[in-house]
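Remarks on the structure that follows.
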Amino acid sequence: MVHDARTKLVKNIYNDPAVVSKLEDIIHAKVLRIFSDISIEEDIAMTVYVLDRSIS
């Protein structure tokens, strides 16, 4: 239940166009996809962004 709640919270954050727009402004790239996962047992969260170009 905690995992589902935290996952829903993260997804809601990235569903906000203003949040994604701010991120794109910072990295100077367009976000194509966002993947997020949380491990409650290990207390680890990870988000992977698929961008329209390399930012390295």
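Read-outs: derived from the displayed coordinates by stated rules, not from any lab. Just so it is clear, the structure is predicted and the values come from calculations on it, not from any experiment.
Work out how much length Lys22 to Asp43 would gain on full extension: take 0.36 nm times their residue separation and subtract the Cα-Cα distance, in nm to one decimal. Kindly include the intermediate steps, with their values, before the conclusion.
Values: separation 21, 0.36 × 21 = 7.56 nm, distance 2.64 nm.
4.9 nm is the gain from fully extending Lys22 to Asp43.
Could you work out how much longer the chain between Lys30 and Thr7 gets when fully extended? Use 0.36 nm per residue separation minus the Cα distance between them, nm to one decimal. Intermediate results must be reported in sequence, preceding the final value.
Details: separation 23, 0.36 × 23 = 8.28 nm, distance 2.28 nm.
Extending this stretch completely gives an extra 6.0 nm.
What percentage of all Cα-Cα pairs in the chain are separated by more than 19 Å?
Values: 537 of 1540 pairs.
Summing the P(r) tail past 19 Å for the chain gives 35 percent.
How large is the helix-only mean residue ellipticity at 222 nm for the chain, computed as the sum of -39500 (n - 2.57) over DSSP H runs with n ≥ 4, divided by its residue count, in deg cm²/dmol to the nearest 500?
Rounded to the nearest 500, it is -13500 deg cm²/dmol.
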